[in-house]
Structures are given as C-alpha cells and as structure tokens.
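Novice: Before I ask anything, here is the structure I am working with.
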C-alpha cells in the first residue's frame, strides 16, 4: 500500500476515534446541580465530609461557597445532608426545641421562642425566588401596668435580593407574612431594608414598580404593532409619571342659568280710617273713647258705634307685599388622591417603512415604501389603546414613520430574518434540541467523510481478483511475458510496488493456478533456448 494511502487511512481512523470519543463524552457527561450555596467555610467542609461518607460524588465552586452533585443523586444528597444536621451557618428555627432544656428559666424559653420564630421567618422568606437570603429581627409586644404603657410588636428584615429591585407586590407580601406570624403585629410596623441600605420598600412607594410598569407597556406596544409593522420594524419607549405625594381638591361650581324658588311670603293689609265728626267740642271726642276700643281683647271685634258720618266719609287703605327667595344650583366636589397614582403616560414610537417586493428585470428585489396616512392612523389608534391613552390626563403618544438605517433596497433580508427568529424561538423552547442536532451532524460527517472513503479504498484494494490477471497473462495470444500483460491491463498509473503486491496477493489466493502459470513460463523459456 502506498505511503499516501496509509497516511489517509491513519488520519481517517484518528478522526473516527476522536469523533467517537466526543460523542461518548457528550452523551455521558455529568449534569451537576447545586446542592447548597451561600455557605461559610466550616459548613462547606462538613458537607464535603458528609458526602464522602455517603459515597456521593461532588464538586465545589471556585469561591467555595456552593457544593454541586450529579442531578440523579440530588435527592439522595439532600437526605444525607439533612441527616447530618447541615448546614448550620443559618439560624435554626423551631429545631431549638428538639432537645429539652431542663434547667432553663422562663426568660430563656421566651428568648428561644423569639429566636426560633425569627429563624423560621428567615427560612420562609429566603425560599422566595426574588430573595437570596434574609435576616429578621422581632420585638415581641409587651404589656404594661396601664394600657398607655403597652408596647406594640415591631419587626425589621434585611433582604439580600437576587435583582436590584423588589416588586411592590412581593414587598407587601413579605410584610403581611411577618405580620401574620407575630401576635399583635401589623404590616405598618414592619420595616424592610435591602442589602444596600435602602428603605424605599414601603407599601406606598411606587418607585420600585415604575420600571416594571414601563417595561410592561413597552412589551404591549411591541406585541400589538409587530404583526402589522413586521419584526424589527418597531421601536418604542414609554415613560410613566406618578403622583409622589397626596393631593386634595375641592371644587364649588354655581350655575347662574338655573334658579329654584325656595320660599314665598305674601302680606295683605287693609285698614279703614274715620274722620272726626259731630259737634265740635270736648263732648264729641272724649279721651277715653278711643282707648276703650284699642284695649279690646284680640280676636274680638270692637263694639260698633253708630256713626253714620264716619261710615259715609271714611277711607279704606289696602297694602299687598310679596317676598320670594331663590337658590342658585351649586356643585361641590372634594377629591383626595393617594400617592402612586398615574399622573401622565408618554410614549414615543418609531415605525420603519413598509417592505415591498418589486420586479427588476427578471429578478425580484426588496424595496421600502413610506406608509400611508390611513395606515399610520390605524397604528396610532392601536398604540393609544395599548397604553391606555387618556386625553383628560394629558397623555401623549407620538408615532412617526422613518426609514431605518439598516434598510437595503437590493438584498432581501426579511425572509432570512424571519427564518432565523423562528429557529431561535424553537431552540429556546427545546433546550435539548442542539445536542440532538449536533449528534446527527456528527454521524452524517462520519458517514460522508470517513466511512465512505474507507469503503471506496477497500473496494479499490480488494475488489479486483487476481485470477483474471493470471489468466490473462497465461493465455496471452502473443506469448509476451507476464509483466507486460499485467502492465497492459493496469496501465501506466500502476507502480512497480503496487504490481508486486497484487501478484503476491494472487499467488496466496490461488496457489494452484500460480503453479501452472509459472510452469508455463519455464516451458516457454526452454523452447526459446
């Protein structure tokens, strides 16, 4: 076999072994899972010893604060660690009362109960997804001699968060959790502090929720406009202004066009006056006569005095008075606004040009065209509905159509982009798919570039039998030597070493035919002499 072919076979064999080893390692590699994290050095060493005794393989992270075990032995490792009472770096909960304390006083029992309650709350809060670890301090209520001397319960918690901010709903849930676990404690008496010393996690604080609401509205905008504008053709930003303090408004409005009568008062008065009559003198007008009439009892008509002259010459006076009271319609509105209310929503949206396909000669190419006013109006209405637009609140939604800098009028990239997005979504949905695809590609490469060339080389080396060559040499009609016959059969491409190897293989394969061939050669040589 030539040296070049031997080198090719060696390279193919080495590649085959390497690919097989890679496939075996990929399929049998260990899937490590975290058993415990955030431990101190003593707990980490004790946990490693416990796992060694249990015969469970493990590995530690570079910082030494986390221990990892194979995924199939994770449950077994947890049972082994719990049996050993590990880890011990955190405070214990009600495990403090597992061992009886026969010499403890009542004060010791109260302190242990408080410590156990704090430990249980730390374990519960630490199990939340947004919290890495927690430290809780409780002040139990104390009753004084008088009700004015009672001290209410209080609590504080230091949280080490996995992210920079804690949503308002989760902070309220932690407060309610602590308040519900301590007798006489209200959520107002719970203070939350993060690891950076921030105390802006109060129930009325909306600062931690601002960014989350803006991201939510941004996602809604993109989700609504993406099917119409196309993937990658919409960019938006949303800003929300909140009311930081409380406000009170009192509005009093009068309507001058509407007047409603409230009361009406009418007074009618009629009086009759008589002139002096009779003989002039004192006897006609005695002083006591008028006084007698005026002093008569009320509701009693005075005695009639026959004075014909007075009746005929008297005057009657009538007085009519009417008083009406009107009230104007008045509207009084008193409004109280609590902190955290949305004051204003502002959104800025940029939409790319519309992608179209045009014929250029005999080829299709991608072009970009500005959107029509009707289409922009439709997008504007959809955007306003997505963010909850309120004109009275002063909201503003600005939508503009501009050509993006990445637009290309020649190369159609929309189809490729959509295909790439689809493949990316499929890979995210099925994380194990890349491993299966890589294994399939490896098998395909192995078959095309290793097994197929080896098969061809084997067929070339062993596929042509030696008998036809020997027969052709022995039955040569011209009586030429076998070397020439073989040379005519194989041509100038076959080297001397190759011919020698082929003849040797033919002799070993058919010794009887070889013997007869050599005998014929010897007989031909003797006749020639």
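The values are calculated or read from the model by the stated rules, or taken from the named source; none is laboratory data. Note that the structure is predicted; figures quoted are calculated from it, not measured. Cβ placement follows ideal geometry from the backbone for every residue including glycine, while neighbour counts extend to all protein chains displayed.
Novice: Which of the following residues is in contact with a strand residue (DSSP E or B) (Cβ under 8 Å, 6 or more places away or on another chain), in the same structural domain as residue 30 (by the TED database) and either in a helix (DSSP H, G or I) or at pLDDT 80 or above (or both): 73, 48?
Specialist: None of the others qualify; the one that does is 48.
Novice: Right, residue 86: over 16 Å from residue 33 (Cβ atoms), surrounded by 11 or more Cβ atoms within 10 Å (Cβ to Cβ) and at pLDDT below 80 or not?
Specialist: yes
Novice: Does residue 277 qualify as being modelled with pLDDT of 55 or more, over 30 Å from residue 354 (Cβ atoms), surrounded by 10 or more Cβ atoms within 10 Å (Cβ to Cβ) and outside the structural domain of residue 368 (by the TED database)?
Specialist: Taking the combined requirement at face value, the residue satisfies it.
Novice: Could you list, in sequence order, the residues of segment 342-359 that are surrounded by 13 or more Cβ atoms within 10 Å (Cβ to Cβ) and either part of a strand (DSSP E or B) or at pLDDT below 85 (or both)?
Specialist: Matches in segment 342-359: 342, 343, 344, 345, 346, 347, 348, 349, 350, 351, 354, 355.
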